[in-house]
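Following: one structure in structure tokens, then a few remarks.
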Amino acid sequence: MNDTFTEADLAPDPQEKRDRILAVVDRVAALVAVLAGGVYIGGAVALGAGAAPIVFGMLPRPIAGDVMGAVFARFDPIALGAALAALAAEVTRTLATHRRGRTLLSRLRRSCTLFMAVSVAYVGLSLTPRIRDLHAKGVQRDDTPQGQLLEAVHHRAELFGKIGMGMAFGLVVLTVFTLQPRKPEDEEDDDDAVAPLPPGPRDD
């Protein structure tokens with residue numbers, strides 16, 4: 001048995017190296033999720049609360065509807081990309097954290113990510129094309145059956161847009177709160193670390 005102390009004794013074992021790599025992966029995935037949620041929230045607020053009132057206030061309703069339909073059709077691929085990025089980040093975090101990620105907050109975060117993606121996909125792939133199709137046929141929001149249908153689809157799009165924004169906000173908040181804390185030994189500076197003494201008698 002070799003009792004000689006070597007530099008290799010200070011090196012982290014393979015499990016420690018793996019844990020450190022997974023911790024970095026978890027933080028990078030969390031950053032991607034926050035950015036994706038922020039892009040979706042920012043775009044939805046800018047269009048819904050900023051652009052839409054101005055457009056409908058300055059243009060006749062049929063033209064305003066066409067303009068906003070085209071604008072949201074441009075935004076929907078961005079929203080879908082953000083939702084896919086958030087889903088990919090969530091899958092990555094789930095795989096990286098293993099059992100440490102099986103907390104209530106982590107499960108709520110995953111639910112927010114899933115419902116955000118479902119809402120974005122429903123609006124972008126179903127509701128927005130249907131609204132644009134009705135506008136292209138000259139349908140307006142009035143008391144006619146087609147007008148009532150357009151009104152109902154608009155309300156549904158607004159509802160799921162709000163749900164998606166709420167889920168995205170929950171995703172951002174829960175992502176921050178579920179970041180895995182660094183281990184105390186990882187926070188110590190190398191200058192403050194004390195090397196173990198070599199084996200053998202000591203002269204105190």
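The values are calculated or read from the model by the stated rules, or taken from the named source; none is laboratory data. Note that the structure is a prediction, hence the values are computed from the model and not measured. Cβ atoms come from the backbone with ideal geometry, glycine included; neighbour counts cover every protein chain shown.
Values as computed for the structure displayed
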read-out: Criterion: closer than 19 Å to Lys162 by Cα and either of a type in the set (Ser, Thr, Tyr) or within 25 Å of the chain's Cα centre (by Cα) (or both) - qualifying residue of Val120, Val91, Val32; value: Val120
read-out: Filter result for Ile131 (in contact with a His (Cβ under 7 Å, 6 or more places away or on another chain) and either surrounded by 18 or more Cβ atoms within 10 Å (Cβ to Cβ) or at pLDDT 90 or above (or both)); value: yes
read-out: Out of Arg27, Arg18, Arg74, sole residue that is more than 22 Å from Arg107 (Cα to Cα), modelled with pLDDT of 85 or more and either charged (D, E, K, R) or not in a helix (DSSP H, G or I) (or both); value: Arg74
read-out: Residue within the range 64-76 that is within 19 Å of Val39 (Cβ to Cβ), basic (Lys, Arg) and without any contact (Cβ under 8 Å) to a residue 24 or more places away in the chain present; value: yes
read-out: Sole exception among (1) closer than 30 Å to Arg18 by Cβ; (2) touching a helix residue (DSSP H, G or I) at 6+ places or on another chain (Cβ under 7 Å); (3) part of a helix (DSSP H, G or I) for Leu179, by number; value: (3)
